[in-house]
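Colleague: Take a look at this one; I'll ask things after.
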Amino acid sequence: MHIMDFFLTLIENMEGGTCKEEAISQPVMREKINEVKQKWKGYKMKYLEENETIQSKVPLLLEKLQQLDIRKQALSDTLGRFTAKKQEVEEKIRKEVKKRQEERERLQVQWEKKKSCLDKAVEEVQARIRQCKDRIEQLQQELQTWSSSFEKLSKQTNKQAELHCLMKALQGIKIKNVTDDDMLLEVTPQALIPSSEITPLELCVHWNEEGELSLSQVGSGIFNLDTIVQKPLINLKNALLEIQHSYISQAELVSEIQRLHDKYAIDWLQEERKLRYLKTSSAVYVLSIEPGYPANGQIQLLGLQGSDGIEESAVKPPQENPSLSDWLECLHACSEV
């Protein structure tokens, strides 16, 4: 490129006229020519070196090209085999698809025939099901009627059987009246203790719609069933026996309280075993009765409600072991309040 540039510049200078020719001297021209020769030799040596390098690499490149040709041929052969195999597989797939399509069409025809037969069979079965449902509804109505009758009969039978068992197991308990849902009983202590003067205890047994039992006391009385009877009532026999035992075990105390109840304004607190005596509207005595009274237990004056205080010795009966009657007579006659 430098040589070409030099010659082009030289030609331009020559065409520029005689003035330019005179400006260029012979020494300068020779110096330029020598410089160009040196550059030309340098370029030539560089060219020869690079040409030698290229010539040394040509056999290696030719060998690589030959290997590439071999690989190309191998790939071409492989591609050919793959293409042939692909065509073979595609042909098999096409034949299989066609075969399955024909099989599908054949099965579709068979299915349509069977479906038609099944539809007719389903219609016949549905008609029979409707007939069966109508018959079942009719039978259910009849069964409900019979079941209601049987349930009433069963309740009556169970009630009669239970009453029969109770009559055998219980002494001193009389059945006064029986209805569809209630039974009136009377606990008579005189059946077990002939000398007892305690008033008979009246009880009512009730059956609800679910057949569950409940037990309650008829009228008001000093005997409290809530501490004895559990709710819901499961075993009527055991409950009646427990009530009878508890009522008779307190026969003397209850009998005495019943006699005094007509004479004094008293209130018996069974759970606390306390007796409240209302002497006036503002004075209420509280007596505590120990278990075992009158044989072993004692009676104590707990206090006077409505008063600032009262000495027990001032109102204590003169007897050594005063009874409940003695205490009430003493309190009634007491002038402390």
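Colleague: Does the range 118-131 include one or more residues that are open to solvent by 90 Å² or more (accessible area, probe 1.4 Å), of a type outside the set (K, R), under 30 Å from D182 (Cβ atoms) and modelled with pLDDT of 80 or more?
Modeller: Checked against the condition, which is being open to solvent by 90 Å² or more (accessible area, probe 1.4 Å), of a type outside the set (K, R), under 30 Å from D182 (Cβ atoms) and modelled with pLDDT of 80 or more, the range 118-131 yields no hits at all.
Colleague: While we're looking at this one, here's another question. Would you check which residues across the range 189-211 are modelled with pLDDT under 80 and either open to solvent by 80 Å² or more (accessible area, probe 1.4 Å) or part of a loop (DSSP other than H, G, I, E, B) (or both) and list them? Can you show your working first?
Modeller: Just the residues of the range 189-211 that are modelled with pLDDT under 80, to begin with: 189-199, 209-211.
Those that are modelled with pLDDT under 80 and either open to solvent by 80 Å² or more (accessible area, probe 1.4 Å) or part of a loop (DSSP other than H, G, I, E, B) (or both): L192, I193, P194, S195, S196, E197, I198, T199, E209, E210, G211.
Colleague: Kindly evaluate T145 against the criterion of being farther than 29 Å from Y247 by Cβ, β-branched (V, I, T), modelled with pLDDT under 80 and assigned to a helix (DSSP H, G or I).
Modeller: So T145 does not fit the description; no.
Colleague: K174 versus (1) at pLDDT 70 or above; (2) closer than 29 Å to V205 by Cα; (3) assigned to a helix (DSSP H, G or I): which is the lone unmet condition?
Modeller: Condition (3) is where K174 drops out.
Colleague: If you take the residues in the range 313-337 that are in a loop (DSSP other than H, G, I, E, B) and open to solvent by 100 Å² or more (accessible area, probe 1.4 Å), which one is modelled with the lowest pLDDT? First the steps, then the outcome.
Modeller: First, the residues of the range 313-337 that are in a loop (DSSP other than H, G, I, E, B): 316-323, 334-337.
If we keep only those that are open to solvent by 100 Å² or more (accessible area, probe 1.4 Å) as well, we get 316, 318, 320-321, 335-336.
Working: K316: 83, P318: 84, E320: 85, N321: 86, S335: 67, E336: 56.
Out of the qualifying residues, it is E336.
Colleague: I've got another one for you. Take the residues of the range 244-260 that are at pLDDT 80 or above and touching a strand residue (DSSP E or B) at 6+ places or on another chain (Cβ under 8 Å): which is farthest from V187 (Cα to Cα)?
Modeller: Per the criteria, the residue is L260.
Colleague: Could you give me the residue pairs with C-beta distances under 7 Å whose first residue belongs to the range 301-329 and is more than 18 Å from A265 (Cα to Cα), whose second residue is among the acidic types (D, E) and at pLDDT 85 or above wherever it lies, and which are 6+ apart or on separate chains?
Modeller: Pairs that qualify, where the first residue is more than 18 Å from A265 (Cα to Cα) and the partner is among the acidic types (D, E) and at pLDDT 85 or above, are P317/D326; Q319/D326.
Colleague: To continue, here is another question. Of all residues in the range 213-225, how many are modelled with pLDDT of 70 or more and in a loop (DSSP other than H, G, I, E, B)?
Modeller: Final tally of qualifying residues: 3.
Colleague: Within the range 240-254, does at least one residue satisfy the condition of being under 49 Å from the mean Cα position of the chain (by Cα), open to solvent by 50 Å² or more (accessible area, probe 1.4 Å) and in contact (Cβ under 8 Å) with a residue 12 or more places away in the chain?
Modeller: yes
Colleague: When you go through (1) at pLDDT below 85; (2) open to solvent by less than 70 Å² (accessible area, probe 1.4 Å); (3) within 18 Å of V187 (Cβ to Cβ) one by one for K237, which number turns out not to apply?
Modeller: (2)
Colleague: Let me ask another. Could you pull out the residue among I33, I70 that is open to solvent by 90 Å² or more (accessible area, probe 1.4 Å), among the aliphatic types (A, V, I, L, M) and at pLDDT 85 or above?
Modeller: After applying the criteria, what remains is I70.
Colleague: How many of the residues in the range 261-274 are touching a strand residue (DSSP E or B) at 6+ places or on another chain (Cβ under 6 Å) and assigned to a strand (DSSP E or B)?
Modeller: Selection size over the range 261-274: 4.
Colleague: Could you tell me which residue of the range 264-273 is most open to solvent (accessible area, probe 1.4 Å), considering only residues that are in contact (Cβ under 8 Å) with a residue 40 or more places away in the chain and not aliphatic (A, V, I, L, M)?
Modeller: E271
The values are calculated or read from the model by the stated rules, or taken from the named source; none is laboratory data. Worth saying up front: this structure is predicted, and the values here are computed from it rather than measured. Methodologically, a virtual Cβ is constructed for each residue, glycine included, from the backbone with ideal geometry; neighbour enumeration extends over all protein chains shown. Accessible surface is based on the protein model in full, side chains and every heavy atom, while ligands, DNA and RNA are left aside. Shrake-Rupley method; radii C 1.70, N 1.55, O 1.52, S 1.80 Å.
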